[in-house]
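Engineer: Structure below; questions to follow.
The values are calculated or read from the model by the stated rules, or taken from the named source; none is laboratory data. Because the structure is predicted, anything quoted here is derived from the model rather than measured. Glycine gets a Cβ as well: all are built from the backbone with ideal geometry, and neighbour counts include every protein chain shown. Note: areas computed on protein heavy atoms with side chains; ligands, DNA, RNA excluded. Shrake-Rupley method; radii C 1.70, N 1.55, O 1.52, S 1.80 Å.
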Amino acid sequence: MSLRLTTGNDHMQAQDSSKNTPDAAHFAALLQLIAEKRDRTAFVEIFEYFAPRVKSFLLGQGVAPAAADDVLQEVMLAVWNKAKLFDPKKAAPSTWIFAIARNKRIDRIRRETKPELDPEEPNLQPGAEEAADDAVLDTQRKSAVAEAMADLPQEQRICVELSFMKGLSHGEIAEHLRLPLGTVKSRIRLAFGRLRSELGDLQ
Amino acid sequence: MNTAHTIQDEWLLSYAAGALTPGRSLMVAAHAAYHDGLQEKVADAEAIGGALLDAVDLSNVDQRVLEHLLDNLNDAPPEIAAPRADEIFPDPLAEFVDGGADSLKWRFMGPGMSNVRLWNGPNDERLWLLRARGGIAMPEHGHNGDEWTLVLKGAFNTSQGRFAVGDMDIADDAMEHQPLIEQGEECICLVLTEGPLRFNSLAARMVQPLIGL
């Protein structure tokens, strides 16, 4: 079972294409043009759709506004350079780009902390995260995953959203919601199980 | 797959979400590299991220970001480095250290034991590699926080059972724990600890400042 909902292949086979993320097959074709033809027009189109979204995601996860454009550039450059590695059978374009953005952000945090420094050094502590614009979901563009998310019990959904949209750890979510750590972990586990089984059914 | 020795789903979701520290992210990625079932779950959780990315509010992006990128795109087909094949380290770890076990400087940690510190992070998190000779007992210790141990080579036993290559031992601060390395082959593990280990023996406590754990 797997959630690969929005791949090019699925698009062709899908009975109900409204369940698909907008234009997944189209973006997959653009990525292929980038990979094979080094097509800049395709890149500009990908940039125009994804860059404002990736930036929201980065800001939501606590990347400082001053650094966000920098990380965004790294992400989009990786899209250009690694388009050949995109496999529409494995992931939707938005999933692939999401994972690149996540990795670039984690790499950046890692580069900012060096192994030989004393962990007590104040500069190793994560910077006070600047209040970024809340990255709120647009209800007008609900994909199948977003619909399945909306069906989750609210207390489970909020734990998943805080993980993805704010990059909060289990401990941070527990603190934020004033819940025991074990409760947060079990809510995430339950939500994930439910999402996997619901979305698996769509395949 | 022995699910008792694989990490639980809530960690896979947080990894996919980008909600773990760099040290824990690397632990999960390296662990998943051994298990198709874990990779499939990570891919599912990433699909949640992809859907959220489609649905997120848009931020303003300065036109200069695109212009700068277009000025710097390389039209030549990119060289995509093949994953570093290493006999012991899974790909995410080989990439992280940019080499294999033999390219690292192992430091003496006690008789038959050496270590390499890889990363220190917030909450006094330490990511390090442990190399121990077959047959030795690790000093008995407790933890001030979580301790995650991923076996990369060889095997060890604890009160929780036998841990072999690809297995993850997850101990929390309530556990006293004395891993026993199996006879024969050496054992190499990727370890993440929170806060200094609490050794029970005086001898281990005396060398602790030297080994930096």
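Engineer: Residues in the range A:22-34: is at least one under 21 Å from residue B:57 (Cβ atoms) and open to solvent by less than 10 Å² (accessible area, probe 1.4 Å)?
Structural biologist: So the first thing to find is which residues in the range A:22-34 are under 21 Å from residue B:57 (Cβ atoms), and the list is A:22-24, A:27.
Retained after the next criterion (residues that are open to solvent by less than 10 Å² (accessible area, probe 1.4 Å)): A:24.
Yes.
Engineer: If the requirement is being over 26 Å from residue B:55 (Cα atoms), at pLDDT below 95 and either open to solvent by less than 60 Å² (accessible area, probe 1.4 Å) or in a helix (DSSP H, G or I) (or both), which of these qualifies: A:119, A:126?
Structural biologist: Numbers: A:126 fails: either open to solvent by less than 60 Å² (accessible area, probe 1.4 Å) or in a helix (DSSP H, G or I) (or both).
The unique qualifying residue is A:119.
Engineer: Then there is this: Can you tell me which residue is surrounded by the most Cβ atoms within 10 Å (Cβ to Cβ) among those in the range B:144-172 that are outside any strand (DSSP E or B) and in contact with a Pro (Cβ under 9 Å, 6 or more places away or on another chain)? Don't jump to the end; show me each part of the working.
Structural biologist: Kept after step one, since they are outside any strand (DSSP E or B), are these residues of the range B:144-172: B:144-146, B:154-155, B:159-160, B:164-167, B:172.
Add one more test, that the residue is in contact with a Pro (Cβ under 9 Å, 6 or more places away or on another chain), and what stays is B:144, B:166.
Details: B:144: 14, B:166: 20.
Only one residue tops the list, namely B:166.
Engineer: Among the residues of the range A:20-58, how many are in a loop (DSSP other than H, G, I, E, B) and either more than 9 Å from every other protein chain (Cβ to nearest Cβ) or under 17 Å from residue A:77 (Cβ atoms) (or both)? Lay out the reasoning, then the answer.
Structural biologist: In the first step, residues of the range A:20-58 are kept if they are in a loop (DSSP other than H, G, I, E, B); the result is A:20-23, A:38-39.
If we keep only those that are either more than 9 Å from every other protein chain (Cβ to nearest Cβ) or under 17 Å from residue A:77 (Cβ atoms) (or both) too, we end up with A:20, A:23, A:38-39.
Count: 4.
Engineer: Could I ask something else about it? On the basis of being within 10 Å of chain B (Cβ to nearest Cβ), open to solvent by less than 10 Å² (accessible area, probe 1.4 Å), within 12 Å of the chain's Cα centre (by Cα) and touching a residue at least 40 places away in the same chain (Cβ under 8 Å), does residue A:97 make the cut?
Structural biologist: Details: within 10 Å of chain B (Cβ to nearest Cβ): yes; open to solvent by less than 10 Å² (accessible area, probe 1.4 Å): yes; within 12 Å of the chain's Cα centre (by Cα): yes; touching a residue at least 40 places away in the same chain (Cβ under 8 Å): yes.
In short, yes.
Engineer: Now, a different point. For residues that are modelled with pLDDT under 90 and of a type in the set (D, E, K, R), scanning just the range B:101-124, find the one that is surrounded by the most Cβ atoms within 10 Å (Cβ to Cβ).
Structural biologist: Looking at residues that are modelled with pLDDT under 90 and of a type in the set (D, E, K, R), I get B:124.
Engineer: Only one residue in A:108, A:102 is under 17 Å from the mean Cα position of the chain (by Cα), surrounded by fewer than 21 Cβ atoms within 10 Å (Cβ to Cβ) and in a helix (DSSP H, G or I). Which one? Spell out the reasoning first.
Structural biologist: Details: A:102 fails: surrounded by fewer than 21 Cβ atoms within 10 Å (Cβ to Cβ).
Going through A:108, A:102 in turn, the sole match is A:108.
Engineer: If a residue has to be surrounded by 21 or more Cβ atoms within 10 Å (Cβ to Cβ) and closer than 18 Å to residue A:108 by Cα to count, how many in the range A:52-70 make the cut?
Structural biologist: The number of residues fulfilling the criteria is 10.
Engineer: Tell me which residues, restricted to the range A:82-94, are in a helix (DSSP H, G or I) and open to solvent by 50 Å² or more (accessible area, probe 1.4 Å).
Structural biologist: First, pick out the residues of the range A:82-94 that are in a helix (DSSP H, G or I): A:82-85, A:93-94.
Those that are in a helix (DSSP H, G or I) and open to solvent by 50 Å² or more (accessible area, probe 1.4 Å): A:82, A:84, A:85.
Engineer: Considering each residue of the range B:85-100, count those that are within 24 Å of residue A:76 (Cα to Cα) and surrounded by 12 or more Cβ atoms within 10 Å (Cβ to Cβ), and give that number.
Structural biologist: Final tally of qualifying residues: 4.
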